[in-house]
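S.K.: Sharing a structure, written as C-alpha cells. Questions coming.
The values are calculated or read from the model by the stated rules, or taken from the named source; none is laboratory data. What you are looking at is a predicted structure, and each value in this text was computed from that prediction instead of being measured. With ideal geometry, Cβ positions are generated from the backbone for all residues, glycine too; neighbour counts draw on all protein chains shown. Accessible surface areas use protein heavy atoms only, side chains included; no ligands, DNA or RNA. Shrake-Rupley method; radii C 1.70, N 1.55, O 1.52, S 1.80 Å.
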Amino acid sequence: MLRQLRKVLTVAGAILLLAASPAFAAGNGNGHHPNDNWKHRYIPVQILGINDFHGKLNKYQEINGKTVGGAAYLAAYLKEYESRNKNTLLVHAGDAVGASPPISALLQDEPTIEILNELGFDVGTVGNHEFDEGVQEMLRLINGVYNEKTGYFEGASFPYTVANVVDSDTGDPILPPYVIKKVNGMPIGFIGVVTTQTPKIVTPGGTAGVTFLDEAASINKAAAELEDQGVEAIVVLAHVSASSDMDGTNPGGQATEIAKKIDDEVDVIFAGHNNHYTNTVVDGKLIMETYSYGTSIADVDLKIDPRTKDVAAMEGQIILTAHEGIQPDPEIKQMVENYKEQSAELVNRVVGHAAENLSIAASGIGESELGDLIADSHRAAMGSDFAFMNEGGIRQDVLKQGEITWGELYTIQPFGNQLIQKTFTGAQIKAILEQQSKAISMLQVSGLHYTWDPSKPVGERVVSLTFPDGTKIDPNEEYTVAANGFLAAGGDGYSVFAEGTNVVQGPIDLEATVDYIEAMSEPISQDIEGRITVK
C-alpha cells in the first residue's frame, strides 16, 4: 500500500485541456510524468476505468460546453492513452449494461459486451443494473450461453469479480471475489463489490437467489486472501457512490466511508452508481469516478516498486471524451452502425408528435411534464383510479419537440416492466405518499392531487389528498392504483405497495405509453398541473 500519497492530479483546467487535446502531454516520456528519474526504478502501470456506461453506444452529451460520449469516441481515447504506456489495463466499475438504449437493449445488451471485448477490457464488476433481468441473464452475458431472443452468445472475454454477492443457499460467491492481473511481472489484485441497496432498486426477481454482503467486510476478506498470495498492489472496483469537488476537496458518497473501513493495502477505488465526478484521496486511498455513459475515463497511473511489488506513488485524472480534436475509432464506429441497422425499422417508427419539449425537470416540488405524461398513460392503460410512476424509471431527461419515435420512448422507459393494478384504501394511498420522505425517488402521480407540508413530522406530511376536482379521497374507501411491476412489489423503498390486493396484470409500461401517444389526434402538450403542491 502506498503509505504517503505523492501526487493526485485534480486541477480542473488541466483536465479540460487534456480532454480537448489527447496529445497534450505526449512529450513528457510516457505522457504523464515530466520527471523521468523515477522510471529507472519503478514500473509504470496505467489503469483506465469507466463506470455506468449503460450501453450508450451512440448517445452524446454536453459537458463543460463540449460534446462528449459515444462508443467510437470512448474507444479513440482509450486507444490513445493505451498507446502511451504498454503496461495498461482497462476496467469498469459496473452498470456497463442495463437501462440501455434500443441499440444495445433490443439485442439483450450483447452489443455492449462485444464492444468491451473488442476494446480489450481486462476486468469488470457488476452494478445494480446488471441484475435487471435476473442473475441467470447477468451470468449469461458474462459467461456466454444460449438466449431464445438472440441465440448463442460467447460472453465477455474478460473476467468479472464481485466479492459481496453470494448464493443464498450455499453462501458461495456467484463470481470470483477477486482477480489477479500481472503487468510486467507485477501482480495487481482487483476486488469487485456492488451496493447492498441493489435488492431495493431492481425488481424483486432480479436478485432472487442471491444475498448481498457488507461491502467493506467483503473487501477486507478478499484483500487478506490477496495478501496471503503476496499481492501488495490492490484495486477495488466498487459500484457505490462517490463525489468530490474538481480540486479533490469535499469527498463524499459511500466510497468515502468504505475507504475508511478497509485494509490499508488497498490503493485505489474505482467508484460508480451516482454518475458524479470524483478524483480525491481518503485515508490514503485514491478514489476515482467518471460521470457516466462513456463521457469520460478515469486515468490512474501507478508506480510499482519491483522489489516490494507495492505501489510507491500514484496519480489520477478524469479525461473527457470530447469529440473536438480527435477522430472516432473506425472499427468501433462500424460496429455501432451495424447494430443501428439491426434495430432501425422499429426504433425509427414514428408514434406521435410533441408540440413542445416535455422535461423530467421537476417543478421544485417533484412534479414534471414527462412524469405526468407517463403516469397518465399508465392509468389509461389499466383504467385505474390513480397511477404512480417512480422517477428512477424515467431514463431520459427530455421528450423532444417534433416527431416522437418508438426508440425515443424506449430510451425513456427501457426496463420493460409489466403494469400492475392493485386495490388500496385511501389511507394506504396516503401512506404510500408519506413514504416519499425516506424513499429513493419521488413519485409522479395521475388522477389525484395532494399537498405536502415538509415542516410536519415524517408520516404526517400529506395534509391534503383529493381528486383533481377537489373531492376528498376517503381513507376508508377502496381505490385502484396502476404502477409498474417494480413499484408494485415495493421497489424504491415503497413497501406499502406490497400490501395491495386484487392484483390485475396489464401491458408492458412502454407499450402503454406508445399506445397512449398513438391515440392522440393532436401533438402532445403537457403542462405541470399542480398535482403536487407544497404548503
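S.K.: Against the conditions (1) under 24 Å from His129 (Cα atoms); (2) without any contact (Cβ under 8 Å) to a residue 60 or more places away in the chain; (3) touching a Ser or Thr at 6+ places or on another chain (Cβ under 6 Å), where does Lys472 fall short? Just the number, please.
M.R.: Only one criterion is unmet by Lys472, namely (1).
S.K.: Of all the residues that make up the stretch 210-249, how many are polar (S, T, N, Q) and touching a Ser or Thr at 6+ places or on another chain (Cβ under 6 Å)?
M.R.: 3
S.K.: Next question, about the same structure. State yes or no: is Asn275 in contact (Cβ under 8 Å) with a residue 40 or more places away in the chain, in a loop (DSSP other than H, G, I, E, B) and among the polar types (S, T, N, Q)?
M.R.: The answer is yes for Asn275.
S.K.: Working only within the stretch 284-314, note down all residues that are in a loop (DSSP other than H, G, I, E, B), within 23 Å of Ala75 (Cα to Cα) and not small (Gly, Ala, Ser).
M.R.: Thr290, Tyr291, Tyr293, Thr295
S.K.: The conditions are (1) modelled with pLDDT of 95 or more; (2) crowded, with 18+ Cβ neighbours inside 10 Å; (3) of a type in the set (D, E, K, R), and Lys59 fails exactly one of them. Which is it?
M.R.: (1)
S.K.: Consider Phe497 against the criteria (1) of a type outside the set (Val, Ile, Thr); (2) surrounded by fewer than 19 Cβ atoms within 10 Å (Cβ to Cβ); (3) at pLDDT 95 or above: it satisfies all of them except one. Which criterion is unmet?
M.R.: Among (1) of a type outside the set (Val, Ile, Thr); (2) surrounded by fewer than 19 Cβ atoms within 10 Å (Cβ to Cβ); (3) at pLDDT 95 or above, Phe497 violates only (2).
S.K.: If I ask for residues that are touching a helix residue (DSSP H, G or I) at 6+ places or on another chain (Cβ under 6 Å) and within 17 Å of Ala482 (Cβ to Cβ), which ones from the stretch 429-444 would you list?
M.R.: Ile432, Gln444
S.K.: Sticking with this one: For the stretch 162-272, list the helices (runs of 4 or more DSSP H) that sit wholly inside it and hold at least 3 residues that are surrounded by 22 or more Cβ atoms within 10 Å (Cβ to Cβ); which are they?
M.R.: It comes to 215-228, 254-261.
S.K.: For the subset of the stretch 369-423 comprising residues that are among the basic types (Lys, Arg) and modelled with pLDDT of 95 or more, which member is nearest to Ala519 (Cα to Cα)?
M.R.: My answer is Arg379.
S.K.: Take the conditions open to solvent by 10 Å² or more (accessible area, probe 1.4 Å), over 30 Å from Met520 (Cα atoms) and not aromatic (Phe, Trp, Tyr) and apply them to Gly294. Does it pass?
M.R.: no
S.K.: State yes or no: is Leu373 touching a residue at least 60 places away in the same chain (Cβ under 8 Å), aliphatic (A, V, I, L, M), open to solvent by 60 Å² or more (accessible area, probe 1.4 Å) and not in a strand (DSSP E or B)?
M.R.: no
S.K.: Checking Val281 against (1) part of a strand (DSSP E or B); (2) in contact with a Phe, Trp or Tyr (Cβ under 9 Å, 6 or more places away or on another chain), only one condition comes out false. Which one?
M.R.: In the conditions (1) part of a strand (DSSP E or B); (2) in contact with a Phe, Trp or Tyr (Cβ under 9 Å, 6 or more places away or on another chain), Val281 misses (2) alone.
S.K.: Got a sec? Which strands (runs of 3 or more DSSP E) wholly within the stretch 402-489 have at least 1 residues that are more than 23 Å from Ala381 (Cα to Cα) and open to solvent by 20 Å² or more (accessible area, probe 1.4 Å)?
M.R.: 402-405, 449-452, 462-466
S.K.: Among the candidates Val504, Val463, Val458, single out the residue that is under 14 Å from Ser384 (Cα atoms) and touching a residue at least 24 places away in the same chain (Cβ under 8 Å).
M.R.: The match here is Val504.
A quick yes/no check of all residues on (1) in contact with a Phe, Trp or Tyr (Cβ under 7 Å, 6 or more places away or on another chain); (2) within 21 Å of Ile532 (Cα to Cα); (3) surrounded by 15 or more Cβ atoms within 10 Å (Cβ to Cβ); (4) not acidic (Asp, Glu):
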| residue | (1), (2), (3), (4) |
| --- | --- |
| Pro328 | yes, no, yes, yes |
| Tyr339 | no, no, yes, yes |
| Glu345 | no, no, no, no |
| Asn348 | no, no, no, yes |
| Ala355 | no, no, no, yes |
| Gly383 | no, no, no, yes |
| Phe386 | yes, yes, yes, yes |
